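A short reminder: the numbers here are calculations on the coordinates, not readings from a lab. Quantities reported herein were computed from a predicted structural model and do not represent experimental measurements. Here the Cβ is made from the backbone with ideal geometry for all residues, glycine too, and neighbour counts use every protein chain on show.
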């Protein structure tokens, strides 16, 4: 089957956010412009991507797939080869790269690298939107937002809640905090990377949410791996156990939603499952693990937290009460 004009340009896959192109009769291909008021990809917002590691390359590729004229720069020029073959423009310097894009996206190792690259090109940032998708702390994000404002740039800090293969998928969350006005203005372009989630004007929130959500992910992975090792000791394949684990996590999400309201209210009614009942249940988990030679450090931590709450007189409360064990002081 012949591919459409849109498919020839961007692949037409799930990650595509291009508008349908006008028919060839309405397009001046030599000039790259459209007739009869239609827009082609040449009319799309110009974007710059600085840093072409695995994630940066995925970001640039998603912008290209969505039809955005994309300029790229990397300290090692060869990393731009594949993107240049897809239509990206190579910049010879960071300043040249910044000047080429209305939207300037940086994704490098750390915030020190961000400043090492952008400080010499600071004058070029005036009037542009700087989107920093580099991992760091909330404090670093806030400091960089203040620095960018001093250069005349609007600033967005971001957290990419995906690995590089997920960039461009509408189901992938990209967290943003900082200039909500800048996000609203450039939402269409940023949607090429995934679902843009606006966390508000505090530039540090994207980093804060990012690190918190990663902690949640590692905790879930740890619990699942422990459970998989437990059932695997009796011959259950991980692929057999996983569908039930995923189904169970959906139910657990309902508890999280309920417990969030309790935490905000500071009131933990044990009207579903109390801590003292769950303390008995975790002993069963530990017993089964010991009999099978399974490392019990993770459930032992849960038992310690629950036992402390019961000893403090909170055994009749919900599991949400254990947040107090994590809070400072």
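If you take the alpha carbon radius of gyration of region 187-229 and divide it by 2.2 N^0.38 Å, what ratio comes out, to two decimals?
Numbers: Rg = 15.0 Å, N = 43, 2.2 N^0.38 = 9.2 Å.
That works out to 1.63 for region 187-229.
Compute the distribution of all C-alpha to C-alpha distances in region 175-282, in bins of 10 Å from 0, and list the percent of pairs in each, rounded to whole numbers.
Going from the shortest bin to the longest, the percentages are 11, 25, 30, 22, 10, 1.
How compact is region 152-204 by the rule of thumb for globular proteins, expressed as Cα Rg over 2.2 N^0.38 Å?
On the way: Rg = 10.7 Å, N = 53, 2.2 N^0.38 = 9.9 Å.
So the Cα radius of gyration is 1.08 times the expected 2.2 N^0.38 Å.
For the chain, what is the mean residue ellipticity at 222 nm derived from helices alone (per DSSP H run of n ≥ 4: -39500 (n - 2.57); sum divided by total residues; nearest 500 deg cm²/dmol)? All intermediate terms of the calculation are to be shown ahead of the outcome.
Numbers: 13 runs with 153 residues, N = 329.
Helix-only estimate at 222 nm: -14500 deg cm²/dmol.
Go ahead and run the numbers for FRET between residue 233 and residue 181, Cβ-Cβ distance against an R0 of 56 Å, rounding to 0.05. Walk me through the intermediate numbers first.
Working: r = 56 Å, r/R0 = 0.99.
FRET efficiency, residue 233 to residue 181: 0.50.
Please rank 321, 128, 75, 290, fewest neighbouring Cβ atoms within 10 Å first, as an exposure proxy. Could the numbers behind the result be given before it?
Numbers: 321 25, 128 21, 75 13, 290 10.
Arranged by neighbour count, lowest to highest, 321, 128, 75, 290 become 290, 75, 128, 321.
Rounded to whole Å and sorted largest first, what semi-axes of the equivalent ellipsoid does the C-alpha gyration tensor of region 233-326 yield via the square root of 5 times each eigenvalue?
On the way: eigenvalues 139, 68, 19 Å².
Semi-axes (√(5λ), whole Å): 26, 18, 10.
Between 0 and 90 degrees, rounded to the nearest ten: what's the tilt of helix 138-150 against the longest Cα principal axis of the chain?
Tilt of helix 138-150: around 20 degrees.
With the crude spin-label approximation of a point 7 Å out along Cα→Cβ, what separation in nm comes out for residue 81 versus residue 253?
4.2
May I ask for the angle, rounded to the nearest 10°, between helix 54-65 and the longest principal axis of the chain, with both axes built from Cα atoms and the value confined to 0 to 90°?
50
Please compute the modelled spin-label separation between residue 123 and residue 287, points set 7 Å along Cα→Cβ, answer in nm with one decimal.
With each label point 7 Å from Cα toward Cβ, the separation is 7.6 nm.
Contact order normalised by length for the chain, with contacts defined as Cα pairs under 8 Å and 6 or more residues apart; what percent is it?
On the way: 521 pairs, mean separation 35.7, N = 329.
For the chain, the relative contact order is 11 percent.
Arrange the following residues from fewest to most other Cβ atoms within 10 Å of their Cβ: 162, 137. Intermediate values should be presented prior to the final figure.
Working: 162 18, 137 14.
Listing 162, 137 from fewest to most nearby Cβ atoms yields 137, 162.
Among bridges DSSP assigns within region 117-275, what percent are antiparallel (round to 5)?
Numbers: 6 of 14 bridges.
Taking every DSSP beta bridge with both residues in region 117-275, the antiparallel ones total about 45 percent.
In degrees, nearest 10, range 0 to 90: what is the angle between the Cα axis of helix 238-265 and the longest Cα principal axis of the chain?
That works out to roughly 90 degrees.
Looking at the chain only, what percent of DSSP beta bridges run antiparallel? Nearest 5 please. Provide the component values of the computation, followed by the final result.
On the way: 10 of 32 bridges.
Around 30 percent antiparallel, to the nearest 5.
Can you tell me what percent of all Cα-Cα pairs in region 44-202 are more than 28 Å apart? Don't skip to the answer; put the middle values down first.
Details: 1069 of 12561 pairs.
Distances greater than 28 Å cover 9 percent of the Cα pairs.
Between residue 171 and residue 263, what is 0.36 nm times their sequence separation minus the Cα-Cα distance? Round to one decimal in nm.
Details: separation 92, 0.36 × 92 = 33.12 nm, distance 2.83 nm.
Net length gain for the segment: 30.3 nm.
What is the spin-label model distance, in nm, from residue 92 to residue 149 if the labels are put 7 Å beyond Cα along the C-beta direction?
Roughly 3.7 nm, to one decimal.
Distances longer than 33 Å among the Cα atoms of the chain: what percent of all pairs is that?
Numbers: 23725 of 53956 pairs.
Taking all Cα-Cα pairs of the chain, the fraction more than 33 Å apart is 44 percent.
Explain nothing, just the number: relative contact order of region 44-202, from Cα pairs under 8 Å at least 6 residues apart, as a whole percent. It would help to have the intermediate numbers written out before the result.
Details: 328 pairs, mean separation 31.8, N = 159.
Computed value for region 44-202: 20 percent relative contact order.
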